[in-house]
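Structure record follows, encoded as structure tokens.
Please treat every number below as a calculation from the coordinates, not as lab data. Since the model is a prediction, treat every value here as computed from it, not as a measurement. Quick reminder, even Gly has a Cβ in these numbers, built from the backbone with ideal geometry, and neighbours come from all protein chains shown.
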Amino acid sequence: MNIQVVHDYGQLCDAAAYIIASQVITKPDSVIGTASGGTVLGVYSKLVDLYEQGLVDFSSVKIFNNDEFQGLDKEHTQSRFNLLSANLIDRININPDNFHIPKGTAKEDFPECKRYEKSIDAAGGVDLQILGIGVNGHIGFNEPSDFFAPYTYLADLNETTREANVRFFGHISKVPQKAYSVGVGTIMRARKIILVAEGEWKAQAIKAMIQKRVTPQLPASILQFHGNVTVIIDEKAASML
Ligand code: F6R
């Protein structure tokens, strides 16, 4: 793993956005996997700046978002579709048909997961996967578990994850219990991965991810087995290394 410790969140956003921009500049038809928690929003804002400066052209890029809450349609204010649209998709020149996300209101979960996984394959697989990390070490919505999910699936959200999302939904009762998520296997098939984290509340998870044994109880630890991972963290998130 390539670990970059930066001073603060502003630098983290700059560093991550430059990596994404250089990916798109060197391969204009890149397939990008996006995370959609709070940490990546500043990264996307910086990316929009680079687009507005005329440095990056997204017209041939395909984006596959990591997840969507089950039961939320696209119009729901807290859908991941809306979050990504407002913070990135609607602000760059990507073809809207090239923005992919699991359908939160799919009638049956298994066919939807299969469809999503197949559409990633049909696009040629993910060139660059962007990740955040949960305080419990989740990536995408792959929570601590006894196994690593190989493909997209309907994941049960942990209480800690639901609580972390109260800031978006206003009240715990409104946070969905489940989300469609790419599997750990889907993430590991990406050719390149960047993971971003800021703040002391992530320090424990970052330490376990980098320095402890690989285990599905700390899903992000599997990234130790990937050959091309860059971790960009601020000094607080790096404080236990
Ligand atoms: C959600 C996702 C999650 C988040 C993680 C960190 O799409 O990918 O894995 O990246 O929960 O979230 P924040 O950045 O809000 O702490």
Taking 0.36 nm per residue of separation between Thr160 and Gln177 and subtracting their Cα-Cα distance, the length gained on full extension comes to 5.0 nm
Within the range 143-202, DSSP-loop chymotrypsin sites (Phe, Trp or Tyr not before Pro) with at most 15 other C-beta atoms within 10 Å are Phe147
Low-density loop GluC sites (Glu not before Pro), the range 50-100, at most 16 other Cβ within 10 Å, DSSP non-H/G/I/E/B, are Glu75
Taking loop as defined by DSSP and a crowding limit of 15 other beta carbons within 10 Å, which GluC sites (Glu not before Pro) in the range 94-184 fit? Glu108
Considering amide H positions built from the backbone, and no H for Pro or chain starts, which residues 5 or more places from His100, or on another chain, come under 5 Å of its amide H? Ile63, Phe64, Asn65
Indicate, rounded to the nearest 5 percent, the antiparallel portion of the DSSP beta bridges found entirely in the chain. 25
Taking the alpha-carbon centre of each part, the distance from the range 1-31 to the range 222-241 in Å is 14
Summing -39500 (n - 2.57) over every DSSP H run of at least 4 residues in the chain and dividing by its residue count gives a helix-only mean residue ellipticity at 222 nm, to the nearest 500 deg cm²/dmol, of -9500 deg cm²/dmol
Could you list, bin by bin from short to long, the percent of Cα-Cα pairs of the chain in 5 Å steps? 1, 7, 15, 20, 21, 19, 12, 5, 1, 0
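Over 26 Å between C-alpha atoms is what I'm after, so list which of Lys46/Lys174; Lys114/Lys192; Lys103/Lys207; Lys62/Lys114; Lys114/Lys212; Lys62/Lys202 land there.
Lys46/Lys174; Lys103/Lys207; Lys114/Lys212; Lys62/Lys202
Please report the projected area of the range 108-206's Cα convex hull averaged over all directions, in nm².
Approximately 7.0 nm², given one-decimal rounding.
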How big is the dipole moment of the range 21-80 about its Cα centre under a simple scheme where the beta carbon of each Lys and Arg is +1, that of each Asp and Glu is -1, and everything else is neutral? Debye, nearest 20, please. 160
Radius ratio Rg over Rh of the range 1-109, counting only Cα atoms, Kirkwood formula for Rh: 0.99
Check Thr215: other-chain or 5+ apart residues with amide H under 5 Å from its amide H, H built from backbone geometry? Ser221, Ile222
Collect residues whose amide H, placed 1.01 Å from N in the peptide plane, falls under 5 Å from the amide H of Val231; neighbours closer than 5 in sequence don't count. Asn2, Ile3, Gln4, Leu195
Quickly work out the Val214-to-Asp146 label distance, labels modelled 7 Å from Cα along the C-beta direction, and quote it in nm with one decimal. 2.1
